[in-house]
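S.K.: Before I ask anything, here is the structure I am working with.
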C-alpha cells in the first residue's frame with residue numbers, strides 16, 4: 001500500500017499571517033495537533049501544538065499579535081512522497097526526530113499528513129489481524 005492511500009487527506013492549512021490565536025481555535029475545532037502553513041509554490045511550514053507551547057506560551061508572546069509565520073517550523077525535516085510504501089517511509093522516519101510528516105505528490109504539493117500515532121495504530125491493527133489468522137489456523141487444545 002502506498003503512503004498516499006494511508007495518510008490523512010483532510011489537511012488543514014493556514015496562511016502565514018494567521019494569528020496564533022486563530023490557529024489554536026482551528027486546531028481545537030478540528031481536533032488536530034498541527035496545521036500546515038501555506039507559503040505557495042511548494043513552500044510551506046508546519047506549526048504544532050508543541051510549537052505553540054514552547055515558542056509562544058513559554059516566551060510570553062501575545063497569541064493575538066503573533067503570526068504563525070513567526071513560530072512555525074520553516075525547514076521541515078522530512079516530507080514523504082505519496083508513492084512510497086509504509087516500510088520505506090518507516091526507514092526514512094527512523095532517521096528523523098519528528099512525529100508528524102507532510103505527504104507530498106511528485107510536484108512536492110502537500111496532499112496529506114501522517115503521524116507516528118497513525119502508523120502505530122495501523123501496525124497494531126495489522127498485527128491483530130495476523131494474530132487472528134494464527135489463532136484460527138492453530139491447533140485446538
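S.K.: Which whole-number percent is the relative contact order of the chain (Cα, under 8 Å, 6+ apart)? Mind dumping the intermediate values first?
M.R.: Numbers: 189 pairs, mean separation 38.2, N = 141.
Relative contact order for the chain comes out at 27 percent.
S.K.: Can you put 24, 48 in order, fewest other beta carbons within 10 Å first? Each step should come with its number before you reach the end.
M.R.: Numbers: 24 17, 48 20.
Lowest to highest Cβ neighbour count: 24, 48.
S.K.: Could I ask something else about it? On a C-alpha basis, how far is the centre of the range 84-130 from the centre of the range 15-36 in Å? Whole number, if you could?
M.R.: The range 84-130 and the range 15-36 have Cα centres separated by 22 Å.
S.K.: With no solvent and one equal point scatterer placed on each C-alpha of the range 13-67, evaluate the Debye formula and give log10 I(q)/I(0) for q = 0.13, 0.17, 0.20, 0.29 Å⁻¹, two decimals.
M.R.: Normalising to I(0) and taking log10 leaves -0.29, -0.49, -0.68, -1.24.
S.K.: Out of these labelled values of Cα extents along the principal axes in Å, (i) 91, 45, 29; (ii) 51, 50, 23; (iii) 67, 34, 26, which was calculated from the coordinates shown here?
M.R.: Identified label for the calculated read-out: (iii).
Values in this text are rule-based calculations from the coordinates and carry no lab data. Just so you know, these numbers come straight off a predicted model, no measurement behind them. Glycine also receives a Cβ, built like all others from the backbone with ideal geometry; neighbour counts cover every protein chain displayed.
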